[in-house]
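No value in this document is a laboratory result; all are computed from the given coordinates. Quick caveat: nothing in here was measured; it's all calculated off a predicted structure. No Cβ is skipped: glycine too gets one built from the backbone with ideal geometry, and neighbour counts run over all protein chains shown.
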Amino acid sequence: MQTLNPREQGNSGCPVRNSLLYLDNAATSFPKPDSVCDAVDVWMRGGAAAAGRGTHRKAEAADRMIDECRRQLATLLGVSIPAQIVFTLNCTDSLNTVLQGFLEPGDAVVATALDHNSVLRPLEALRQRIGIAVEIIPFDPVTGLIDAPRFTQVLAEKKIRLVVLNHASNVTGRVQSVAELTRVAHAHGASVLLDAAQTAGHWPLSMAELDVDFLAAAGHKGLLGPLGTGILCLRRGLETQLPPLRFGGTGTASESLVQPSDMPTRFESGNLNLPGIVGLHAATKWILTQGVEKLRSQIHARTAQLLEELKRLQNVSVLRPCLESSNCGIVSFNIGHMDCQDVAMILDQSFDIQSRAGLHCAPLLHQTLDPRSSHGTIRLSPGVFTTEDDIAHAVQAVREIAAHA
Ligand SMILES: Cc1ncc(COP(=O)(O)O)c(C=O)c1O
């Protein structure tokens, strides 16, 4: 398979690669396609007007760019109406907009032990502040899949208003069967919020096909945009069931003291992060040109290579669900009894490899999976530009560390 090159569609001086090997794409992707860096640079130097607030040409160009970005996202994520896509700060902001807006005192919500703290903490805060009930569904430690019988039982027995589903775990990479779980949730009258932080951009994902009601994603991970970008997609009409987190100027209906109710303005108060969105615009254009399937298989090949090699190493234990074939590009492991933070430090300082260590903001997952849950794991996450040589270098580094552990 031909390796993708971040520079193939641009030519500016964006610092694409340095001597470090970046394998922390599950946190935020790096490098970005060169066209993304170029677009942000050009915008900052020549076009930095506010959108939705002016009639001059630069402001109109900003409006057009934003509309186009929404259309590209709609194409990528199977959203039929682009205006149902809201720009947010990150995936956490998108999740909070739904959780804090939709849930009311006395509501019951289902989440899972796979969830990230960007779901678990807002739910805990709401439990304490307004008195919601939170049901946590376990998962199978071997397959990494949500316990479907338990899920169905809870939905059947309790009146659940909202189900939060994790599309893929940020620790195991395991992708869930969302469409089936959503059918069960809807059959029992619950709405579904999908956390697609780890899949949007490089895993086939269609809001229409999965039939979820809300979809939250980061713009800066698989979607390859800059940090500070996120998106929330809402099923048409559901916006009326959640008040915005923030109220303020929208550049429309300024005579009224009431927040406009139309989409996406209802949730986009204040100036948008245009340098971020212009980068996301270039990134989504690049992804559409490459095709999600090509990016998925590129990451799959590197992940499979990494898993295959790590499995053979003595003293290295890979988390079991990472080995399943529907892995979106995440490998978590431990070396002997070494503290994972020490391993990450050695990888960085002796081998120039950037990894991630710890609980990865998923405390309940570690309680289920790993007896050493207080430490967590070392996580390596290849990106669309990771090469075979990069993986070989990472494996050699782990081999050397494990030999001395
Ligand atoms: C599964 C999952 N959900 C939510 C988030 C939060 O994303 P963001 O950093 O964009 O707020 C992350 C971040 O790593 C994640 O992995």
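Things worth noting here:
- Taking each residue as 0.36 nm, the span from S326 to T3 lengthens on full extension beyond its C-alpha to C-alpha distance by 114.2 nm.
- Mean residue ellipticity, 222 nm, helices only, the chain: the sum of -39500 (n - 2.57) across DSSP H runs of n ≥ 4, divided by residue count and rounded to 500, is -12500 deg cm²/dmol.
- Close amide H partners of L272, meaning residues 5 or more places away or on another chain with modelled amide H under 5 Å apart, are A51.
- Between K32, K221, K311, the GNM of the chain built on Cα springs shorter than 10 angstrom shows K311 fluctuating the most.
- Cα gyration tensor category, rounded, prolate or oblate, for region 328-393 with a/c compared to 1.5: oblate
- 25 Å tail of the calculated P(r), region 190-301, as % of Cα pairs: 31
- Theoretical gain in end-to-end length, E104 to S261 [0.36 nm per residue, Cα-Cα removed]: 54.6 nm
- Taking A200, A283, A187 in turn, the Gaussian network model of the chain (Cα-Cα springs below 10 Å) assigns the largest fluctuation to A187.
- Once backbone amide H atoms are built at 1.01 Å from N, S191 has L162, V163 as its partners under 5 Å, excluding neighbours fewer than 5 places away on the same chain.
- With the Kirkwood sum run over all distinct C-alpha pairs, the chain has a hydrodynamic radius of 21.9 Å.
- Applied to region 281-294, the Karplus parametrisation 6.51 cos²θ - 1.76 cosθ + 1.60 on θ = phi - 60° returns per-residue 3J(HN,Hα) values of 4, 5, 5, 5, 5, 4, 5, 5, 5, 6, x, 4, 4, 5 Hz, with x for Gly and Pro.
- With the simple model of a label 7 Å out from the Cα in the direction of the Cβ, Q314 to R236 spans 6.4 nm.
- Per residue, the average separation of C-alpha pairs within less than 8 Å and at least 6 apart gives region 39-289 a relative contact order of 26 percent.
- Distance violations [Cα-Cα > 26 Å] among K159/K221; K221/K294; K221/K285: K159/K221
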